[in-house]
Amino acid sequence: MLNRNFNLLWLSQIVSSIGNKLTIFGFPLVGIFIYDTTVLETSMITVMSFLPSLLFGTIIGVIVDRGDKRKIGIFTNIICFVISITLFVFSIFKILPLWGFYILIFLLNTFLLFGSISFYSQIPMVVEKENLKKANYKMELSNSVIDTAAPSVGGIIFGLFSAPFIFIIDGITFILASFCQILLPCNIEKDRVKTKKKSIVH
C-alpha cells in the first residue's frame, strides 16, 4: 500500500484530470454552439489549448522546481477555478467576444501547466524510490480510464444541459483538487526524510 500523502496527491490529480478532459472536450463545442465558429476559428481553440506548453513548458518547469510545489498546486487550482467560472458566466450569457474566449483558454491551459508540473514534481517527495513504479502504474491507469470515459461523460453533460456547463464541472474539480493538496503536509519532503530517519533508528 502506498502512503496517505500519495493517495491525497493522486486523488487531486484524478479529479483535476476529469475536469481538464471534460473542458478540452467542451472548448470546441462552446465555440461551435455559442460563437458559431468556422472550421479555422474552431481549430484556433485547439491551438490556444496547446500553445502554452510549447511556449512556456521549460520556463514553468524551472519556476516550479525553485518554488514550493504544494503551494503552487493549490494556488494554481484556485486560479483555474476562477477562470473556469468566468468562462461559464461569459459563455452562458454570450458577453465574451471570441478573442476573449481564446485568451481565457490560453490562460487556463497556462496555469494547468503549472499544476501538472507541480504535481509530478511532488511524486518523488511522497513516495519511496522502491514504490515509484507502483505509483506511476496507478497514475497511468487512472489517466487511461479518464481519457476513455471523458468524451462520453462530456457528451452526456452536453445533451442534458449545454456546453458551457462543462466549465462548472471543471471548476468544482479544481476546488476538490485544491482541498486534497491543502491536506498534504506543508513540507512534504522534510516530513518524508524525518519518517525515514525514524524507521532507520528503530
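Per this entry, LYS21 is counted among residues that are open to solvent by 40 Å² or more (accessible area, probe 1.4 Å) and basic (Lys, Arg). Do you know which residues across region 34-47 are within 29 Å of LEU11 (Cα to Cα) and open to solvent by less than 30 Å² (accessible area, probe 1.4 Å)? Within region 34-47, ILE45 is the sole residue that qualifies. Just one of (1) under 14 Å from the mean Cα position of the chain (by Cα); (2) modelled with pLDDT of 90 or more; (3) over 24 Å from ILE168 (Cβ atoms) fails for LYS71. It is (1).
Being at pLDDT 85 or above and in contact with a Lys or Arg (Cβ under 7 Å, 6 or more places away or on another chain) holds for only one residue in ILE146, ILE123, and it is ILE146.
For ASP191, indicate whether it is part of a helix (DSSP H, G or I), touching a Gly at 6+ places or on another chain (Cβ under 8 Å) and either among the acidic types (Asp, Glu) or modelled with pLDDT of 85 or more (or both). Against the criterion (part of a helix (DSSP H, G or I), touching a Gly at 6+ places or on another chain (Cβ under 8 Å) and either among the acidic types (Asp, Glu) or modelled with pLDDT of 85 or more (or both)), ASP191 does not qualify. Just a yes or no: is a residue in region 52-65 of a type in the set (Asp, Glu) and open to solvent by less than 70 Å² (accessible area, probe 1.4 Å)? Scanning region 52-65 turns up no residue that is of a type in the set (Asp, Glu) and open to solvent by less than 70 Å² (accessible area, probe 1.4 Å). Checking each residue in region 1-13 for being modelled with pLDDT of 85 or more, open to solvent by less than 40 Å² (accessible area, probe 1.4 Å) and of a type outside the set (Phe, Trp, Tyr) picks out ASN5, LEU8, LEU9, SER12, GLN13.
Against the test of being open to solvent by 60 Å² or more (accessible area, probe 1.4 Å) and among the aliphatic types (A, V, I, L, M), the options ILE78, ILE85, ILE105 yield a single qualifying residue, ILE78.
Does any residue of region 99-114 turn out to be within 15 Å of PRO164 (Cβ to Cβ) and within 11 Å of the chain's Cα centre (by Cα)? Yes: region 99-114 contains one or more residues that are within 15 Å of PRO164 (Cβ to Cβ) and within 11 Å of the chain's Cα centre (by Cα). Could you tell me which residue of region 117-153 is farthest from the chain's Cα centre (by Cα), considering only residues that are open to solvent by 50 Å² or more (accessible area, probe 1.4 Å) and under 22 Å from LEU54 (Cα atoms)? Taking the candidates together, the pick is ASP147.
The values are calculated or read from the model by the stated rules, or taken from the named source; none is laboratory data. No experiment lies behind these values; they were computed from the predicted model shown. Ideal geometry is used to build each Cβ from the backbone, glycine not excepted, and the neighbour counts take in all protein chains shown. Keep in mind that these areas ignore ligands, DNA and RNA; they rest on the heavy atoms of the full protein, side chains included. Shrake-Rupley method; radii C 1.70, N 1.55, O 1.52, S 1.80 Å.
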